[in-house]
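**Q** If you scroll down you'll find the structure; I have some questions about it.
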There are 2 protein chains.
Amino acid sequence: MTRLRRSPERIRLPRGFSFSALAAGIKASGRPDLALVEASVGAAAAALFTSNRVVAAPLEVDRASLLASGGRVRAVVVNSGNANCATGPKGRKACERICREAAKLLGVRAEEVFPSSTGIIGVPLPAQKIIKKLPELIAGKMPSQRGALAFARAIMTTDSRPKLASARFRAGSKQVTLLGIAKGSGMIHPKLATMLVYLFTDVSASPRELQQLLQDACDPTLNSMSVDGDTSTNDTVLLLASGQSGARIRDRRVRKKFAHALLAVCQSLAEQIVSDGEGVEHVIRLFVEQARSREEGLQVARAIAHSALVKTAWAGADPNWGRILAAVGSSGVPIDPTGVKIFIGNQMVCRHGTACSFDQERAHRALAQPVCDIRLQLRRGASAVRFLTTDLTAEYVRINADYST
Amino acid sequence: MTRLRRSPERIRLPRGFSFSALAAGIKASGRPDLALVEASVGAAAAALFTSNRVVAAPLEVDRASLLASGGRVRAVVVNSGNANCATGPKGRKACERICREAAKLLGVRAEEVFPSSTGIIGVPLPAQKIIKKLPELIAGKMPSQRGALAFARAIMTTDSRPKLASARFRAGSKQVTLLGIAKGSGMIHPKLATMLVYLFTDVSASPRELQQLLQDACDPTLNSMSVDGDTSTNDTVLLLASGQSGARIRDRRVRKKFAHALLAVCQSLAEQIVSDGEGVEHVIRLFVEQARSREEGLQVARAIAHSALVKTAWAGADPNWGRILAAVGSSGVPIDPTGVKIFIGNQMVCRHGTACSFDQERAHRALAQPVCDIRLQLRRGASAVRFLTTDLTAEYVRINADYST
């Protein structure tokens, strides 16, 4: 694979889910900013949330509701344009009110409504605007590709394109489908989960089974990427299973195929998020090998992916391996520099922690591609991690320096 | 103080030191790149080095030499344009050869020569160019302000101006002088010491006494700043004491006055380095208060100073306190967001972890100044730290994205 999947592939719909979206006037632009998913017969749910100590109000509500409902979800209500974070007790109350109103209209319990918000931090959520639009939102729900795409567009903030991925497999006479929808472009440095990611499937599984599958699929994908090193306060990954396919996760073959499909969908969404990162011109796939543990490999990958000097060199397609080595040296992992090898593209550029002769022009050309592989070998153990990251461009600064408040 | 000291003040020279500089052809630009300090009767020395695991060759030589000489230095030889880092055993041998040649010409022992290098990482040091110029370098030494300024200019890399600070005090009939010279503009995120900083004094002290004084003065100054979050492989702070003033550090009054002067000089150099940071338009003085310990306060300050989103908001003078709060939340310190207060300039902008009413335009104007104070209160303890940092501008990206290798 030398290209990352940038545009949605064919969207396959799992049974049991309807989608809807509209503009409620939260975004100043007037673009769609309110979205709904209804699981008509309900769904078993598993979720991962941000590790940031500052947690948005909807995440507090989500945690409490999943506990109260025993991991059952009937609807997801998402607004973009406002993160409902650092909004105090009023923010939590606004979120709970929206859930109650949606539950009433849908004829379900409030704790079966899963709320999400994304956008600016610290501004009160205009709950009334959302509540006023709920009847229209619910009336518009469709179990169709058009509905899913409308949902994907309405949850966007600085994203330049909607992000969807799907997979389908057969299990005997049953057909299982998995659909993932994500948003995210800046503040991407997840430590537990990333931004807003929704995964829908018609497999039959308990919340507990789903939770383990979700964790396993996210660790090497949505948890192994960084655009700007900033961990969001609203990161959420939600996996909903309607059971409508009739295929049960307890069947070992179903479980294996489902785990594979889940990993592929999460990987595609991770690639779509990173390649649509704010101002990104080059995506870098870091492979940190010969680490003592997976944690250690991630620590090194994050140090590289968090170095302003390394990321700006990538923006210039500069094969400056010295900056990469310096970032590894300050990662906190007690590496021996003389054991380190670095490869750019398919060329070794550093061995024994020092330069080896290599074709500079070829390394420059490899880095000038939209996607480039950089491989490190630490000579400390047998663990390897794959980590997706990006360059840091003047465009990123322009996007984020706009006087927006 | 509302302005930072950007240009050298009047330079005061301690007795016992001569300076020299010239162009040896290491920098492609032909600018001065080789510099010498001679302590004519020798000096007691204390030094701090980088905490990066990747350590440049001259730092390895420095550590070994200080041990061998018992903390005595007769000369400092610095080249810019090449860091002599990640250059393997050849890099160390090149450095040792330069020290031996300099020692022979000066009539001292090789371990009394303290070498430093700064510039690009991973390129072999052209030792022969340096050795050829040593006789001319030594012949040109002057115990004068002109010499000190020439030294300060020759150690510059991406710095736009030389950085010097000095202090003088009386101790009875004796007069003690302290002169500091620094370079540094990018890769500024010291954890033990920062870039190249040389401090010269004529006080009389042992290496051990100097080491404690140096550590105490650097912790709140040169160790409490960050431009880009990247820790250099060549960070060095060296303090040399010739004893020529006759004032002894064992005298408690001398010690107190000297510690005060050392702190002031280190603070001035830290401010000069940060305000000359690559692409910097705004310097931010962070005050993190009510932390449980100094370490915890620093951890929070570094997380803020390392956030691309916070730093780009500062570039746009955007009083986006939500990004600051999110950076605090992901700092690793178990803060309670509802206990956090944030002030921009002299206005509170966040209380109980949420917005309080404030004048946005006034906060914007405060951030638009060359220097702005941002104060955080964590409600966790009684420790406070002061930390100097900067915005992240498109110009920083341009400087570092140039395809330089």
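Bear in mind these aren't lab numbers, they're just calculated from the coordinates by the rules spelled out. Owing to the predicted nature of the structure, the values given are computational and were not obtained by experimental measurement. Neighbour counts are summed over all protein chains in view; Cβ atoms, including those assigned to glycine, are modelled from backbone coordinates with ideal geometry.
**Q** What is the diffusion coefficient of the protein assembly as shown in µm²/s, taking the Kirkwood radius over Cα pairs and the Stokes-Einstein relation at 4 °C with a viscosity of 1.567 mPa s?
**A** 46 µm²/s
**Q** Nothing charged except the Cβ atoms of Lys and Arg (+1) and of Asp and Glu (-1): what's the magnitude of the dipole of the range B:283-401 about its Cα centre? Round to the nearest 20 debye. Mind dumping the intermediate values first?
**A** Working: 15 positive and 10 negative charges, 46 e Å.
The calculated dipole for the range B:283-401 is roughly 220 debye.
**Q** Another one. Report the net charge of residues surrounding residue A:91, where surrounding means a beta-carbon distance below 14 angstrom and charges are Lys +1, Arg +1, Asp -1, Glu -1. Walk me through the intermediate numbers first.
**A** Details: positive: A:90, A:92, A:93, A:97; negative: A:60, A:62, A:96.
So the environment of residue A:91 carries a net charge of +1.
**Q** Using the Cβ atoms and a cut-off under 12 Å, what net charge is assigned to the surroundings of residue B:76, where Lys and Arg are +1 and Asp and Glu are -1?
**A** -1
**Q** Moving on. Size of chain B along its principal axes in angstrom, Cα-based, largest extent first?
**A** Over chain B, Cα extents along the principal axes are 69, 55, 34 Å.
**Q** Explain nothing, just the number: dipole magnitude of the range B:157-289 about its Cα centre with +1 on each Lys and Arg Cβ and -1 on each Asp and Glu Cβ, in debye rounded to the nearest 20. Can you show the working numbers first?
**A** Details: 16 positive and 14 negative charges, 220 e Å.
In debye, rounded to 20, the range B:157-289 gives about 1060.
**Q** Right, next: Using a Cα-Cα cut-off of under 18 Å, which aspartates and glutamates could be cross-linked to residue B:256, ignoring same-chain neighbours fewer than 8 residues away?
**A** Within reach: B:202, B:209, B:216, B:219.
**Q** Determine the calculated [θ] at 222 nm for chain B from helices alone, applying -39500 (n - 2.57) to every DSSP H run no shorter than 4 residues and normalising by the residue count; nearest 500 deg cm²/dmol. Walk me through the numbers on the way to the answer.
**A** Details: 11 runs with 137 residues, N = 405.
When only DSSP H runs of four or more count, the value is -10500 deg cm²/dmol.
**Q** Another question, then. Over chain A, what is the relative contact order in whole percent, taking alpha-carbon pairs under 8 Å and six or more residues apart?
**A** 18 percent
**Q** Taking the label point 7 Å from Cα in the Cβ direction, how far apart in nm is residue A:381 from each other copy of itself, listed shortest first?
**A** 3.0
**Q** R0 = 30 Å: FRET efficiency of residue A:357 with residue A:294, Cβ-based, nearest 0.05? Mind dumping the intermediate values first?
**A** Working: r = 33 Å, r/R0 = 1.10.
After rounding to 0.05, the efficiency reads 0.35.
**Q** Quick one: of the DSSP bridges fully inside chain A, what percent are antiparallel, nearest 5?
**A** 70 percent
**Q** Per-residue HN-Hα couplings for the range B:161-178, Karplus 6.51 cos²θ - 1.76 cosθ + 1.60 at θ = phi - 60°, whole Hz, x for Gly and Pro?
**A** 7, x, 10, 9, 8, 9, 8, 9, 9, 9, 10, x, 8, 8, 10, 10, 10, 10
**Q** Right, next: Just to confirm the numbers: residue B:31, label point 7 angstrom along the Cα-Cβ line, distances to the other copies in nm, shortest first?
**A** 4.3
**Q** On C-alpha positions alone, give me the angle between the axis of helix A:88-106 and the longest principal axis of chain A, in degrees, nearest 10.
**A** It works out to around 50 degrees.
**Q** Next question. Which whole-number percent gives the relative contact order of the range B:273-356, counting Cα pairs below 8 Å spaced six or more residues apart?
**A** Contact order relative to length: 19 percent.
**Q** I want to verify a result. In a Gaussian network model of chain A, Cα cutoff 10 Å, which of these has the top mean-square fluctuation: A:102, A:43, A:171?
**A** Of A:102, A:43, A:171, the Gaussian network model singles out A:171 as fluctuating most.
**Q** Is the C-alpha gyration tensor of the range A:257-394 telling us rounded, prolate or oblate? Criteria: a/c under 1.5 is rounded; beyond that, a/b larger than b/c is prolate, otherwise oblate.
**A** The shape class here is oblate.
**Q** Taking trypsin sites (Lys or Arg not before Pro) as exposed when DSSP calls them loop (any state but H, G, I, E, B) and at most 11 other Cβ atoms lie within 10 Å, what is the longest stretch of chain B free of them, the sites themselves excluded?
**A** Between the exposed loop sites, the longest stretch runs B:11-249.
**Q** Further question on the same structure: Other chains' Cβ within 10 Å of A:48-56 residues: what's the mean?
**A** Partner Cβ neighbours, averaged per residue: 5.
**Q** With the label 7 angstrom out along Cα to Cβ, how close does residue A:260 come to the same site in each of the other copies, in nm, nearest first?
**A** 7.6
**Q** Only bridges with both residues in the range A:283-401 count here: give the DSSP antiparallel percent, nearest 5.
**A** 70 percent
**Q** Something else: Convert each backbone phi in the range B:380-395 into a coupling constant with the Karplus relation 6.51 cos²θ - 1.76 cosθ + 1.60 (shift: θ = phi - 60°), then list the ³J(HN,Hα) values in order as whole Hz, x for Gly and Pro.
**A** The phi angles translate into 10, x, 10, 8, 9, 10, 10, 9, 9, 8, 9, 7, 10, 10, 4, 5 Hz.
**Q** Could I ask something else about it? Counting only Cβ atoms, what residue of chain B lies nearest to the axis that sends chain B onto chain A, and how many whole Å off?
**A** Per the B/A rotation axis, the closest residue of B reads B:394, 2.
**Q** How long is the range A:63-183 along each principal axis, judged by its Cα atoms, biggest number first, in Å?
**A** That works out to 51, 35, 27 Å along the principal axes.
**Q** Considering only DSSP beta bridges where both residues belong to the protein assembly as shown, give the percentage that are antiparallel (nearest 5).
**A** 70 percent
**Q** Ok, one more. Which whole number gives the average, over all residues in A:337-344, of C-beta atoms from other chains lying within 10 Å of the residue C-beta? Walk me through the intermediate numbers first.
**A** Details: counts 8, 4, 0, 3, 0, 0, 0, 0.
Mean shielding count: 2.
**Q** Would you be so kind as to identify which of B:19, B:297, B:344 lies farthest towards the positive end of the dipole of the protein assembly as shown, taking Lys and Arg as +1 and Asp and Glu as -1 on Cβ and the Cα centre as origin?
**A** The listed residue farthest towards the positive side: B:297.
**Q** Going down the table (A:341/B:104; A:27/A:141; A:129/A:311; B:183/B:341), which pairs top 30 Å between alpha carbons?
**A** As for pairs spanning more than 30 Å Cα to Cα, those are A:341/B:104; A:129/A:311; B:183/B:341.
**Q** Here's something else I'd like to know. To test your reading of the geometry: what angle, between 0 and 90 degrees and rounded to tens, separates the Cα axis of helix B:207-218 from the longest principal axis of chain B?
**A** 30 degrees
**Q** Relative to the Cα centre, what is the charge dipole magnitude of the protein assembly as shown, using +1 at the beta carbon of each Lys and Arg, -1 at the beta carbon of each Asp and Glu, and rounding to the nearest 20 debye?
**A** 860 debye
**Q** Express the Stokes-Einstein translational diffusion coefficient of the range A:1-118 in µm² s⁻¹, to the nearest whole number, given a Kirkwood radius over alpha-carbon pairs, 25 °C and a viscosity of 0.890 mPa s.
**A** 158 µm²/s
**Q** Here's something else I'd like to know. Given the options A:30, A:353, A:316, state which has the largest fluctuation in a GNM of chain A using a 10 Å cut-off (strictly under) for Cα springs.
**A** Judging by the Gaussian network model, the answer is A:30.
**Q** Is there a simple number for the mean count of other chain Cβ atoms within 10 Å of the Cβ of residues in A:305-318, and what is it?
**A** Rounded to a whole number, the mean comes out at 6.
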